[in-house]
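Engineer: Once you've had a glance at the structure underneath, I'll fire off some questions.
The values are calculated or read from the model by the stated rules, or taken from the named source; none is laboratory data. All values reported here derive from a predicted model rather than from experimental measurement. Note that each Cβ is placed from the backbone with ideal geometry, even for glycine, and that neighbours are counted across all protein chains shown.
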Amino acid sequence: MAPRMNTTRRRVVSQFGVALGAATLGAPFVRHAEAQAKTLVIGGSVPLTGAAAETGLNVNNGYITAVSYMNDVLGGVEIAGEKYKLELKLFDDASDPARATTLIQRQLDEGTNFFLGSFGSNIVLPTAAITDRAKKPMVQTGGGSDAIFTKGYKYVFGMFPRATRQFAATAAMFKALDPKPETYSVIWTNDAFSKTAAEGVRNSCDAAGLKRIEGYELPAKVTDVSSVLGSIRSKTPDLLVCVMHDQDSLLIARQMVATNTNVKLLFQGLGPQLASFREALGKNAEYLCCSTYWDENVSFKDKFFGDSRKFVEYYKSKFTRPIAYHVAGAAACIETYVMAMQAAKSINPEAVRDALAAADFETFYARIKFTPQGDGDELLLGGYIGQVQKGKLEIVFPQAAASAKPLYPSPPWDKKA
Amino acid sequence: MTLVVQTIADGLVLGGIYALAAVGFSLIFGVLHVINLSHGILVLLGAYLALILSGVLHVDPLLTVPLVMAILFALGYVYQRFLIQYAVDGSAFGSILLTFGVALMLQNVMIWLFSPDMKNITPTYAFTSFKLGEISFDAVRVSCLVASLVLLSLLAALLKFSALGRVIRATAQQTMAARLCGVNVRHVYAMTFGVSAAFAGAAGIVIGIVLPFSPADEGTWTLNAFVVVVLGGVGSPAGALIGGLLLGMVSTLTAQYIGPSFPNVTMFLLLVVLLLLRPQGLLGNAFAPSR
């Protein structure tokens, strides 16, 4: 056994010697490569499991798409004359705010200076509180609740207007419909986003001169809406607005069809944007309206990808999952960070924060500009209104971006099928 | 008056679905004394299997019930025999921790296999309804209620009249005596778990037809099953049915007359009241008298 051991030891020593030699010879090249591109870490958490995983995955894919394009296709980004490669340090927060705060605190302790947001106001709010206290910027596309932008945070920026301001464009569209609708009812679920969104619906629709018939609050997890639909059949509004997550929107739409509960227009904040949602409802999805914050056909010039179509092309080369506006919004977060660093000519968190506050950048997603409180500018980032027409989601408002005219009033369910 | 009747009818339909979703949980609790925290996973597994099988075989999702039940029975048998039994042997709380851990793992496996996206099963009659007098019924929900009642009756018949049912009851009532009579108790436990898993799978089909679902929903169905069992009593299809119908009616009546955001409040209030006044549930423990 001893000779074999000696042979092995010799072999190991000789291999180590060869490796050491190679490393020594290669060292200048490694140093050269390092000199070419430093690494810039951006941290955060995303819900890849749990209740928010569906959209969380879209947000995650958006972050990855932008970083991968900047690193692999562009060879890194230049900030203040130095080349940087971006490194994402994202962890699964399992849709759990407590877990997310632990993950973010750990990353802060490890020295991460820049953060991306999770998905869901209930997660973004507590994590933003931590990063703001540490004076580290967070750019996010997952939290729209007013609470994120009204607590005086200076380092938190969102790609959407705050929830109470998100409905202004939709109310403007309602006002422009012919014949003009007169009444509306609103349904929301008992969670941070839906509640503030419903407040926005009430503010905007009331300001637009629409008469509110009823407001219905559902539990956070909905299994049946028959009683609400019974009430809607007895007090039928012209417009029914649902602000909740797509799973609950689908349940409401399905039960409305099955019980033949008709309104002149059904607006569902989240749901009809998704191909799977439209597929599940078949012809009944026709005429449904929703908000959408990005459309690949609306063309903005983009410093990195060129335009939306090229972004979509690159995304499809990396992922088979259908693209959604959250993917684009997440990629825009990365672009916004890089452009802010380039504008600040620095990667100092406080300088980058100031550049973000002063941002006015054109990206494939939209023109990025934040309010003094950090949420997206109401006009520039307020999004579009989509309507399902012939199985496709067409942009029907604002007129400047419209690919089709809004169809109103919608026929009863039994006339659609 | 029509509104009251409509609300009660909606509650009964919803309650039937709750009952089917809970009966497997109830049986395992009654016979094995195991609180199966992975029950919701078995329910969702049934929904996903029905979605796949109805697509592949091009049949109505309700026709996949026998096949889904057979698959879930086999999985349930193996799960109990080779995993849960060891935890039960180890400590009284072992099974709770084990089933909780399995639920977490399988939820992630389901996300990996089926994606976190919501799915739904849409049969041809998905959007039809009919009226009886002034009361309108959603055809999907009613067909699911009928399926639930048929399956609950079959389970009641199995437990009461079949040889397997007799052995399950005997084991639940007097484990030692059953063992002395030559009953292979471990095998009976695994068979019981298999039957329960099969009924959870069948419930999953019904739920998948009625509601959109995703892996994140598993906790909801475990919790609902727990409430139904506490309300109705442990171990019997009748207890699950009573608990389920009660839960369904409380849910719709609260939504109609107190507010749509309050069903959970009244549901858990009822749970607390019943735990204080009648902790064994309305029908009590089906296997308790001989203990």
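Engineer: With within 14 Å of chain A (Cβ to nearest Cβ) and either of a type in the set (S, T, Y) or crowded, with 17+ Cβ neighbours inside 10 Å (or both) as the only criterion, which of B:V234, B:V228 stands out?
Structural biologist: B:V228
Engineer: Quick one: would you say A:P372 is part of a loop (DSSP other than H, G, I, E, B) and either touching a Lys or Arg at 6+ places or on another chain (Cβ under 8 Å) or surrounded by 15 or more Cβ atoms within 10 Å (Cβ to Cβ) (or both)?
Structural biologist: Judged against the criteria, A:P372 is not a match.
Engineer: Further question: Restricting region A:86-125 to residues that are among the small types (G, A, S) and surrounded by fewer than 20 Cβ atoms within 10 Å (Cβ to Cβ), which is nearest to A:L57 (Cα to Cα)?
Structural biologist: Among those residues, the one meeting the criterion is A:A98.
Engineer: Could I ask something else about it? What are the pairs, 6+ residues apart or on separate chains, where a residue within region A:270-293 that is within 13 Å of chain B (Cβ to nearest Cβ) has its Cβ under 6 Å from a residue that is crowded, with 22+ Cβ neighbours inside 10 Å and in a loop (DSSP other than H, G, I, E, B)?
Structural biologist: Sorted first by the residue in region A:270-293, then by its partner, the pairs are A:L270/A:H245; A:F277/A:G271; A:A280/B:N120.
Engineer: Going through region A:341-360 one residue at a time, which ones are over 23 Å from A:A128 (Cα atoms) and buried (at least 18 other Cβ atoms within 10 Å of the Cβ)?
Structural biologist: A:A343
Engineer: Another question, then. Looking only at region B:187-228, count how many residues are assigned to a helix (DSSP H, G or I), in contact with a Gly (Cβ under 9 Å, 6 or more places away or on another chain) and aromatic (F, W, Y).
Structural biologist: Result for region B:187-228: 3.
Engineer: Additional query: Check off (1) away from chain A (no Cβ under 14 Å); (2) in contact (Cβ under 8 Å) with a residue 12 or more places away in the chain; (3) assigned to a helix (DSSP H, G or I) for B:Q256 and give me the number that stays unchecked.
Structural biologist: It is condition (1) that B:Q256 fails.
Engineer: Which pairs turn up if I take residues in region B:5-17 that are of a type in the set (A, V, I, L, M, F, W, C) and look for partners that are surrounded by fewer than 20 Cβ atoms within 10 Å (Cβ to Cβ) with beta carbon separation below 6 Å, at least 6 apart in sequence or on another chain?
Structural biologist: B:V5/B:I135; B:A9/B:I135
Engineer: It is to be established whether one or more residues within region A:206-215 are surrounded by 19 or more Cβ atoms within 10 Å (Cβ to Cβ) and more than 14 Å from every other protein chain (Cβ to nearest Cβ).
Structural biologist: Yes - at least one qualifying residue is present in region A:206-215.
Engineer: Now for a separate question. Pairs please, first residue from region B:59-86 and free of Cβ contacts under 8 Å to residues at least 12 places away in the same chain, second anywhere and of a type in the set (S, T, Y), Cβ atoms under 8 Å, 6+ apart in sequence or on different chains.
Structural biologist: Every condition considered, the pairs that remain are B:L63/B:S54.
Engineer: In this structure, does B:A157 turn out to be closer than 29 Å to B:P61 by Cα, modelled with pLDDT of 85 or more and surrounded by 14 or more Cβ atoms within 10 Å (Cβ to Cβ)?
Structural biologist: Spelling it out, it is not the case that B:A157 is closer than 29 Å to B:P61 by Cα, modelled with pLDDT of 85 or more and surrounded by 14 or more Cβ atoms within 10 Å (Cβ to Cβ).
Engineer: Taking only region B:123-149 into account, find how many residues are more than 11 Å from chain A (Cβ to nearest Cβ) and either assigned to a helix (DSSP H, G or I) or under 20 Å from B:A203 (Cβ atoms) (or both).
Structural biologist: Summing the residues that are more than 11 Å from chain A (Cβ to nearest Cβ) and either assigned to a helix (DSSP H, G or I) or under 20 Å from B:A203 (Cβ atoms) (or both) in region B:123-149 gives 8.
Engineer: On to the next question. Which residue pairs have Cβ atoms closer than 6 Å, lie 6 or more positions apart in sequence or on different chains, and pair a first residue in region B:103-122 that is more than 9 Å from every other protein chain (Cβ to nearest Cβ) and aromatic (F, W, Y) with a second residue that is in a helix (DSSP H, G or I) and buried (at least 19 other Cβ atoms within 10 Å of the Cβ)?
Structural biologist: Close Cβ pairs satisfying both conditions: B:F114/B:Y48.
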